[in-house]
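A.B. asks: The following block contains the structure, expressed as C-alpha cells.
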Amino acid sequence: MIATTPEQIKALRAAGKILAGVLKDVAALCKEGVTTAELDLSCEHMVRARGAVPAFLNYQPDGASYPFPASLCVALNDEVVHGIPNEKKILRKGDLLTLDAGLSYQGYFVDAARTLCIGECDQQAHKLISATKEALQAAIVVARAGARTGDIGAVVAGIARKYNLGVVKDLGGHGVGSSVHEKPFIANEGRRGEGERIVAGMVLAIEPMLAEGKGDIILDEDEWTYRMRDGKRAAHFEDTVLITESGAEILTA
Ligand code: MG
C-alpha cells in the first residue's frame, strides 16, 4: 500500500510495534526441547492478546492447495521459509531457527522475521546470521523514495558475495500494509537502477535470505515449506518499513 494519511501511518506504526514485541517474546521461548507447535500457539496468543490478528493463519494465496495452518512460520536449518510448526518438530541445541510472522492491526498488515541459534551455534551459523542481518540493514539504507527495487537486490547480493554466501533464489520481499503480499516483488538479487520505482508512503517488507550453499530451493511435499536443495542452511531477516522522502522508517524494529 501507499500510506498517505496520518491515521494510516499511526496504525502501521502500532502494528509494527506489536509484531516486533511478539517476535522478541517468542524468541525468548526458543530453547532446546520446545516444540515448534508450542511456539506457534504462544505466538497466536500474544498477537491476539495485543489486539491484533495473525495474518498467516488460514492464508491461502493463489496456487496454494490448502491454507497455511499456523500463525507462525518456522524454518529450521536447511528450511528457508513457510515451515509449518509441528508437535514433532522439536528444537535441538545448535539448530538455526527462523521465526517469521505477520499480523494485522486495525486492518493494517506488517510482516517480519528473525533467525536465531538454539543454545550454541557453530561459527558458520554466526557468520550466516550476521551477514544476513547486515544485508537487511544495508537494504534498508538504500530503500528510499526515488530508488528502484533493483537497488535493494544489488545491495543484498553484494553483501552475500562479500561473505562468500549464496542468495536464496526466487524468494524475496514485497509490498505489504493492506494485505499480506502486495506488489512490488523485491528480489534479493538485482541491478542498481532497475526494477520498480520506490515512492514515498510505500509500505515494504524487505527480507534478505542468505545461504551457506548456492541458493537453489525446493518445495517440500507439504506444499508450503521451502528448503535448500543442497541441504545447507539459510538465514532470513525481515522488517516492514515505511518509505519516506529521506529514507525508510523501520516499523517492526
Ligand atoms: Mg514477508
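A.B. asks: Specify which of the listed residues (177, 146, 193) is within 22 Å of residue 72 (Cβ to Cβ), modelled with pLDDT of 95 or more and assigned to a loop (DSSP other than H, G, I, E, B). Give the derivation first.
C.D. replies: On the way: 146 fails: within 22 Å of residue 72 (Cβ to Cβ); 193 fails: within 22 Å of residue 72 (Cβ to Cβ).
The match here is 177.
A.B. asks: Starting from segment 3-30, take each residue that is under 13 Å from residue 99 (Cα atoms) and list its partners that are open to solvent by 70 Å² or more (accessible area, probe 1.4 Å) and in a helix (DSSP H, G or I), counting only C-beta distances under 9 angstrom and pairs at least six apart or across chains.
C.D. replies: Every condition considered, the pairs that remain are 29/38.
A.B. asks: I'd like the full set of residues that are under 18 Å from residue 1 (Cβ atoms) and surrounded by fewer than 19 Cβ atoms within 10 Å (Cβ to Cβ), limited to segment 181-199.
C.D. replies: In the first step, residues of segment 181-199 are kept if they are under 18 Å from residue 1 (Cβ atoms); the result is 181-186, 196-199.
Within segment 181-199, 181, 182, 183, 184, 185, 196, 197, 199 qualify.
A.B. asks: For residues in segment 228-253 being part of a loop (DSSP other than H, G, I, E, B) and touching a helix residue (DSSP H, G or I) at 6+ places or on another chain (Cβ under 9 Å), which is nearest to residue 100 (Cα to Cα)?
C.D. replies: At the first step, the residues of segment 228-253 found to be part of a loop (DSSP other than H, G, I, E, B) are 229-233, 237, 244-247, 251-253.
From the residues that got through so far, the ones that are touching a helix residue (DSSP H, G or I) at 6+ places or on another chain (Cβ under 9 Å) too are 233, 237, 247, 251-253.
Numbers: 233: 16, 237: 9, 247: 24, 251: 15, 252: 12, 253: 14 Å.
Among those residues, the one meeting the criterion is 237.
A.B. asks: Mind checking which residues of segment 209-227 are buried (at least 24 other Cβ atoms within 10 Å of the Cβ), more than 15 Å from the ligand (Cβ to nearest atom) and either among the aliphatic types (A, V, I, L, M) or not in a loop (DSSP other than H, G, I, E, B) (or both)? Working first, answer last.
C.D. replies: Narrowing segment 209-227 to residues buried (at least 24 other Cβ atoms within 10 Å of the Cβ): 209-211, 215.
If we keep only those that are more than 15 Å from the ligand (Cβ to nearest atom) too, we end up with 210-211, 215.
Within segment 209-227, 210, 211 qualify.
A.B. asks: Tally the residues that are within 16 Å of the ligand (Cβ to nearest atom) and surrounded by fewer than 16 Cβ atoms within 10 Å (Cβ to Cβ), restricting the search to segment 156-177.
C.D. replies: 1
A.B. asks: Can you name the residue in segment 118-155 that is free of Cβ contacts under 8 Å to residues at least 60 places away in the same chain and of a type in the set (S, T, N, Q) and is also least open to solvent (accessible area, probe 1.4 Å) among such residues?
C.D. replies: Within segment 118-155, the first condition is being free of Cβ contacts under 8 Å to residues at least 60 places away in the same chain, and the residues that meet it are 120-123, 126-127, 130, 134, 137-138, 142, 146-155.
If we keep only those that are of a type in the set (S, T, N, Q) too, we end up with 123, 130, 137, 149.
Values: 123: 156, 130: 62, 137: 117, 149: 14 Å².
Among those residues, the one meeting the criterion is 149.
A.B. asks: Among the residues of segment 79-109, what is the count of those that are more than 15 Å from residue 36 (Cβ to Cβ), in contact with a Gly (Cβ under 8 Å, 6 or more places away or on another chain) and surrounded by 15 or more Cβ atoms within 10 Å (Cβ to Cβ)?
C.D. replies: 3
The values are calculated or read from the model by the stated rules, or taken from the named source; none is laboratory data. What you see is a predicted model, and the numbers here were worked out from it, not measured in a lab. Glycine gets a Cβ as well: all are built from the backbone with ideal geometry, and neighbour counts include every protein chain shown. Note: areas computed on protein heavy atoms with side chains; ligands, DNA, RNA excluded. Shrake-Rupley method; radii C 1.70, N 1.55, O 1.52, S 1.80 Å.
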